[in-house]
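> Can you read through this structure? Questions will come right after.
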Amino acid sequence: MEVRAEPLAPAPAASVLSGERLLRQRQATLGATLDGLPGVADAGFGPAVGRPVVRGQDGDRTAILSNGSASVDASSLSQDHAVPIEPLVLDRVELLRGPAALRYSSHAVGGVVNAVDNRIPRERAGRPAGLAELRLGGASEQRAGAVALDGGTGDGSTDSSGGSAGDDAASGSDWAWHVDAFSRDSADLRTPRHTVETDDGPQSRRRVANSASRADGGGVGATWFGSRGWLGASFDGQGQVYGSVADDEVSIRMRRNTGRIAGEWALDGWLQALRGQVQLTDYRHTEIEGGQPGTVFSNEGASGRLEADHAPIAALGGATGTWGLQADHARFAALGEEAFVPRTRTRSLAWFAHEQWRLAPLTWSLAVRGERTRVASAGDEPNADEPRFGAAQQRQFDTTSVALGGVADLGRWAPGWQLQANLAHTERAPTYYELFASGVHVATAAYEAGDATLGVERGVQGDAALVWKDAGWQARLGGFVSRFGRYIALQRDAAYDTVEDGRTLPGYRFGAVRAQLWGLEAQLGGSAELAGRKVRLEASADSVRAVDRDSGQPLPRIAPLRLALGAATDWLGWTWRVDVRHAVRQDRVSADDVPTPGYTVADVSLSRALRWDGVNGRFFVRLDNVTDELAYSATTLRTVRDLTPLGGRALSAGLRVSF
C-alpha cells in the first residue's frame, strides 16, 4: 500500500490506496475495496452493500467523503443501505486520521475515508487520453466495465502543483474536460454450502438469496485554468438496484445525482491561496416489496467549503497552515409503513484551522475545529394513522475538537526509524436518527428508539507507531486507544419490545454509555531473494477490542484479530501472487450476539503487462477462496450474518487499458 501525507499533515495522517494496489483490491463496494487494510473492515450486508468500519467505528463515526465533501446518502442510517460511490471510477481512496481528519468533519472519530475521482480535472490536459476497465466472473458472476476520457486545450504539461494556483510558467488560459461511464451487473453471490434457518425449517444453500445487483452511472466535468488558478464544475449520477439479503421479497432502487463547483486561486501577500467548493446532492431510494413501491428514503444536501493557505509565521517556528469554513445542510425524509424516523433537517456551520511546523527532529501538526449543529424534527405527519414522533422540535449542539500530531525522525540515533503519534479530543453532535428514531427497523429486525435529550458525544483518542524503512523494506507497528466519557450506543431495552405479525421484536434505545476501544496494527513489506528469484513479501495484522465500560459487555460487530500474508514474483512475463487471510474466532460479543467462527481464505492471481502501439494495459486472472472455505464476517449484523457468508471459490478475469 502506498502511504503518503497530505501537504500540510504528518505522515500518519493519510494512507492512500491507488495505482496497482487499487486495481488489485477493487471490489463492488467501497467497504469491500478497503477491507483488510490495517484497522479497516467491511460492515457487510451482502455483496452490494459495503460501508467501511475503521478501528471498530462505523456509521457516523467514520466520515465518508467524495472529493472532500460529504457523501449525502442513507448508508449511516441503516446497514442495508449502500454507499453510492462506484470504485471502478476512482483514482484513489484516502484514509485520513489525526489532525488532517478535522479539516473535513467532526464525525471523524474513526477517521475520514475520501474517495477521489477526476471529474473536476485539476491538471492541464492536451490531446484526448483515456482508460477502460472490464471485469468478468467472480463469486457474484459480475459483468462490470468502466471507461473514462480526458482532454483539453493545453499541452498536457503541469507544474508540481498540478497546474493549480501559482503556475507562473503557464500563460493565458486552458480548458480541460473529463467524461466517464460505468456499469456493473451481478448475480446472487455463490458461496460454499451452508444451512439457513427459514420459516419452513433449515435449508441448504449455495447462494446468498436476493443478493443480485445492478449499477449504472457516469459523470462529466470541465475546468478552466488561468495563470494563477483554476475553476471547474462537474455533474455525476448513479443508479442502483439490489436485493435485501434480510428479505427475499424486498429490493432497493437507489439513485444519486451530484453537482459540484470547485476552484483555487493564488494570492500575493500573507494569504497565499484560496480554495473553495460547493456541492449539491439529490439522493433517493425506494424499497420495493412484492413488486410494489414501499418506503421511500430521500436526502437532499448542500455543502460548501472555503479554505485559505497562509505564509509561514516566523513567531511560531515558521508554521504553515490552512484556515477554513464549512457549511452543510441536509433534508432527510422517510415516507411509508417502514419509516422509523421522521422528516428531519440538519444544518451545521464549522470553522477549522490546521497548522504544521518543524522543530528538528520533530514535525508537529495541530488542528482545531469548532462546529454548531442544528437538528430539527418535523414530528408526525398531519393525520398520521399511528403517531410516533410527537410534535416538531429542534436541538442545537456546539462542539469543539482538537488534535495534535507529531513525527520524530530518529535517524540520528537509529537510522531508518521514525516515531509517529496523534492525540485528539473529539466531540460529535448526535445524528437525527439517534435523536428521533421511533419504529421497527426492518434491517435489524428490532424496534429502535431515539432519545431527543441526548448530549454531545465526547472522547479522547490516541495512537502511536514506530516506522522503519531500509534497503527496500518497510515496517510499521502501532497501537491506538479511544476512551469515551459519553458514547452514543444502541442499547437493549425490553420496554420497547414490539409484537409484529405474530412475533416479538426486541427493543433498543439510543443512549450514552462510557466506552473504550483499543487495538494494535502491524505491517511489513519488502523484497527478498528466495530460490534465486526476487519475491515481494507483505504481511499485516490488526486487532480491535471494544467494551461498554458501564456494563462490561463488548461493543457489537467488532472485527477479530486478523492476519494477512502476500507474496508476488515475476516469472515468464507474468506476475504471480498468493494472498492468505486469516481471522480468528470472534467470541468477545455482546449479550445479544453469538460468536463468529474463524476462517482462513487463500487467493491466487496472475497478471501481465500489455503494450500495443500507444496503448498500455494489464490483464489479470484471479482465483478467490481456493479451498472454498465457509466464512462469515463478525462485523455483519447477527440478523443477517447466517444468511450472507463470504463468497466461495470463484474465477474472475479483467483487463485495464490506458490510451
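The values are calculated or read from the model by the stated rules, or taken from the named source; none is laboratory data. In this text the structure is predicted, and so the values were computed from the model without any measurement. Cβ placement follows ideal geometry from the backbone for every residue including glycine, while neighbour counts extend to all protein chains displayed. All accessible areas refer to the heavy atoms of the entire protein, side chains included, with ligands and DNA or RNA removed. Shrake-Rupley method; radii C 1.70, N 1.55, O 1.52, S 1.80 Å.
> Over the alpha-carbon set of segment 274-406, work out the extent along each principal axis and list the three values in angstrom, largest first.
In descending order, the Cα extents are 67, 31, 25 Å.
> Based on DSSP H runs of at least 4 residues, each adding -39500 (n - 2.57), what is the mean residue ellipticity at 222 nm of the chain after dividing by all its residues, to the nearest 500 deg cm²/dmol?
-500 deg cm²/dmol, from helical runs alone.
> What are the extents of the Cα atoms of segment 494-573 along their three principal axes, listed from largest to smallest and rounded to whole Å?
Reported extents, whole Å, longest axis first: 68, 34, 15.
> Name the trypsin sites (Lys or Arg not before Pro) in segment 560-659 that are in a loop by DSSP and that have at most 13 other C-beta atoms within 10 Å, would you?
585
> Over 17 Å apart: what share of the alpha carbon pairs of segment 32-166 falls there, rounded to a whole percent?
66 percent
> Of 329, 285, which has the most accessible area and how do the rest follow, probe 1.4 Å?
Largest to smallest exposure gives the sequence 329, 285.
> Further question on the same structure: Give me the accessible area per residue for the chain, probe 1.4 Å, as a whole number in Å².
Value returned for the chain: 43 Å² of accessible area per residue.
> Can I ask one more? Enumerate by residue number the trypsin sites (Lys or Arg not before Pro) in segment 379-485 meeting two conditions: DSSP loop (anything except H, G, I, E, B), and at most 13 other Cβ atoms within 10 Å of the site's Cβ.
On the way: sites: 388, 395, 412, 428, 458, 469, 476, 483; in loops: 388, 412.
Passing both the DSSP loop test and the Cβ count: 412.
> I've got another one for you. Please list log₁₀ I(q)/I(0) at q = 0.09, 0.11 Å⁻¹ for segment 422-577, using the Debye equation with identical point scatterers on the alpha-carbon positions.
Here log10 of I(q) over I(0) equals -0.51, -0.66.
> Turning to a different aspect of this structure: Expressed in nm², what is the orientationally averaged projection area of the convex hull enclosing the Cα positions of segment 385-473?
So the Cα hull casts an average projection of 10.3 nm².
> Where q = 0.14, 0.24 Å⁻¹, what log10 of I(q)/I(0) comes from the Debye formula for segment 466-531, counting one point per Cα?
Computed log10 I(q)/I(0) values: -0.67, -0.99.
> Still on this model: When DSSP beta bridges are limited to those with both residues in the chain, what percentage is antiparallel, rounded to the nearest 5?
The antiparallel fraction comes to roughly 95 percent.
> Got a number for the accessible area of residue 496? Probe 1.4 Å, square angstrom, nearest 10.
In the full protein context, residue 496 sits at about 80 Å².
> Any idea how far the Cα center of segment 631-659 sits from the one of segment 206-258, in Å?
19 Å
> Taking GluC sites (Glu not before Pro) that fall in a DSSP loop and have at most 12 other Cβ atoms within 10 Å as cut points, what is the longest piece of the chain between them?
250-659
> Any number yet on Rg/Rh for segment 42-110, C-alpha, Kirkwood? Could the numbers behind the result be given before it?
On the way: Rg = 11.7 Å, Rh = 12.6 Å.
Rg/Rh for segment 42-110 comes to 0.93.
> Stokes-Einstein at 25 °C, 0.890 mPa s, Kirkwood radius from Cα pairs: D for segment 235-345 in µm² s⁻¹?
142 µm²/s
> Further question on the same structure: Would you mind telling me the share, in percent, of accessible area of the chain contributed by carbon and sulfur at probe 1.4 angstrom?
Carbon with sulfur: 56 percent of the solvent-accessible area.
> Quick one: the Cα spread of segment 541-598 along its three principal axes, in angstroms, biggest first?
Answer, in whole Å and largest first: 59, 18, 11 Å.
> Please compute, over every Cα-Cα pair in segment 332-413, the percentage with a separation greater than 23 angstrom.
53 percent
> Heavy atoms of the protein only, probe of 1.4 Å, neighbouring chains included. What is the accessible area of residue 85 in Å², nearest 10?
Answer for residue 85: close to 10 Å² accessible.
> In angstroms, what radius of gyration and Dmax does segment 178-303 have, counting Cα atoms only?
Values for segment 178-303 (Cα only, Rg and Dmax): 22.1, 75 Å.
> Distance between the C-alpha centers of segment 437-497 and segment 564-602? Whole Å please.
For segment 437-497 versus segment 564-602, the Cα centre distance is 24 Å.
> Any chance you could tell me what percent of the C-alpha pair distances in segment 512-659 go past 21 Å? Before the final figure, lay out each step's value.
Values: 6447 of 10878 pairs.
Across segment 512-659, Cα pairs with separations above 21 Å total 59 percent.
> Taking square-rooted eigenvalues a ≥ b ≥ c of the alpha carbon gyration tensor, is the chain rounded, prolate or oblate, where a/c under 1.5 means rounded and, failing that, a/b exceeding b/c means prolate?
It comes out rounded by the Cα gyration axes.
> Any chance you could get the radius of gyration and Dmax over the Cα atoms of segment 575-659, in Å?
18.1, 62
> Which ³J(HN,Hα) values in Hz, rounded to whole numbers, follow from the phi angles of segment 370-386 under the Karplus curve 6.51 cos²θ - 1.76 cosθ + 1.60, where θ = phi - 60° and Gly and Pro get x?
Each residue's phi maps through the Karplus curve to give x, 8, 10, 10, 10, 10, 10, 10, 7, x, 5, 5, x, 6, 5, 5, 10 Hz.
> How large is ³J(HN,Hα), in whole Hz, for each residue of segment 464-477 in order, when computed from phi with the Karplus curve 6.51 cos²θ - 1.76 cosθ + 1.60 and θ = phi - 60°, using x for Gly and Pro?
8, 8, 9, 10, 10, 9, 6, 6, x, 10, 8, 9, 9, 10
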